[in-house]
Structures are given as structure tokens and as C-alpha cells.
1. Using the number of other C-beta atoms within 10 angstrom as an exposure proxy, rank Thr95, Thr36, Thr28 with the fewest first.
2. Fewest Cβ neighbours within 10 Å first, please rank Phe101, Phe41 accordingly.
3. Quick one: 3J(HN,Hα) in Hz for the stretch 24-35, Karplus 6.51/-1.76/1.60 with θ = phi - 60°, rounded, Gly and Pro as x.
4. Just to be sure I understand the rule: take each whole DSSP H helix in the chain, project its Cα atoms onto its long axis, keep it if the span is 18 Å or more and its mean Kyte-Doolittle hydropathy is at least 0.0. Which ones pass?
5. To the nearest 0.05, how large is the calculated FRET efficiency for Asp78 and Asp140 if R₀ is 35 Å and r is the Cβ-Cβ distance?
6. Please compute the contact order of the stretch 67-147 in relative form: average sequence separation of alpha-carbon pairs under 8 Å and at least six residues apart, divided by the residue count, as a percent.
7. Using amide H atoms built 1.01 Å from N in the peptide plane, name the residues 5+ places from His65, or on other chains, whose amide H lies under 5 Å from its own.
8. Please list 3J(HN,Hα) in residue order for the stretch 122-133, calculated via the Karplus relation 6.51 cos²θ - 1.76 cosθ + 1.60 where θ = phi - 60°; whole Hz, with x for glycine and proline.
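Here, each number is a calculation from the coordinates, and none is a lab measurement. If you're wondering where the values come from, they're calculated on a predicted model, not measured in any experiment. Don't worry about glycine lacking a Cβ; one is built from the backbone with ideal geometry, like all the others, and counts go over all protein chains shown.
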Amino acid sequence: MLRPLADEDVEPLIAILSHPSVHEWWGTVDEEAVRTDGIVFVIEVEGERAGWLGVFEEADPDYRHASLDISLAADNQDRGLGPEALRTALDWLVTRGHHRFTIDPAAHNSRAIKAYTKVGFKPVGRMRNYERGPDGTWHDSLLMDLLADELP
């Protein structure tokens, strides 16, 4: 289930995003990173917080699209929950008038790339030195996109 972020979710989500299996992709996380400037959802599984999903919407009607970001707690990874949460968010975004979606995992994050490909995202290009990793070095990201009419 996806539900809007509530104040009481912030600290538990910081703990999820600070776990080593997540931290390697996210780096240091604080309240500002959890709340972000877009729309934030808590991913819930059987009433427990399982992760975070953020959506950033471009409102200009000539460029209307949405970018997504997602992270799952270590014990919820490799269970198919990421693709399921993304599909749920994408269905909702289509009802909001979006026709195109992007996501940009680290180019060496094969688990994320495989999950996003299952949803239908396709590689568009490599963004060189796009993001600083937790170790302080710059690394590439893979820009992936998906069109609404490509959704299953």
C-alpha cells in the first residue's frame, strides 16, 4: 500500500534509509531528504513501513511528466515490492495527466535497474558524474523512462 507521509513516519524512514544496504545508494539521510520537495509516500506491507517513494511532478503542460524515486527497507528488498509500488504510483500519476515518467538509478545499481525494467522503464542514456556517492566520489546514473501508453 502507498499512503501519504505523516510526521510520525519521518524517524522510522530515516532509519530505513540509513541501513547499509540502502545507505550505499542514498548516502546520509535527514528529515529534509525524507520530506523532499515533491509528493512523498510511505510503502506499507502488512501494516509495517517497508519503504519510501517520492514523486516529482513537472506542472508545465508542454512538458508534463513525473520523476520517481524509491527505496525499500533491507528485509523488503528482492521481494517484488519495488515494482509493485512503482506500478501503483504510475497508475495514479496517469490519472493526474502525466504521459511520461523517469527514474535515474546509479548506473552500477543492477538490482534497481532490473526492478525498473520489470515495470517497463527503458534506458535512455548515461548521465556522467551525475551524483556524489556516500564515499564522496562522483558516479554515473542511468536515465530511464517509460511512456504511459507503454504501461501493461
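1. Details: Thr95 7, Thr36 14, Thr28 10.
So the ranking, lowest neighbour count to highest, is Thr95, Thr28, Thr36.
2. On the way: Phe101 25, Phe41 21.
So the residues, fewest neighbours to most, are Phe41, Phe101.
3. Listing the rounded values in order: 4, 9, 9, x, 5, 10, 10, 4, 4, 5, 6, 6 Hz.
4. Working: long enough: 81-95 (22 Å, 0.48).
Helix filter hits for the chain: 81-95.
5. On the way: r = 24 Å, r/R0 = 0.67.
Efficiency, rounded to the nearest 0.05: 0.90.
6. Details: 101 pairs, mean separation 25.4, N = 81.
Answer for the stretch 67-147 is 31 percent.
7. Glu58
8. 10, x, 10, x, 9, 9, 6, 6, 6, 9, 7, x
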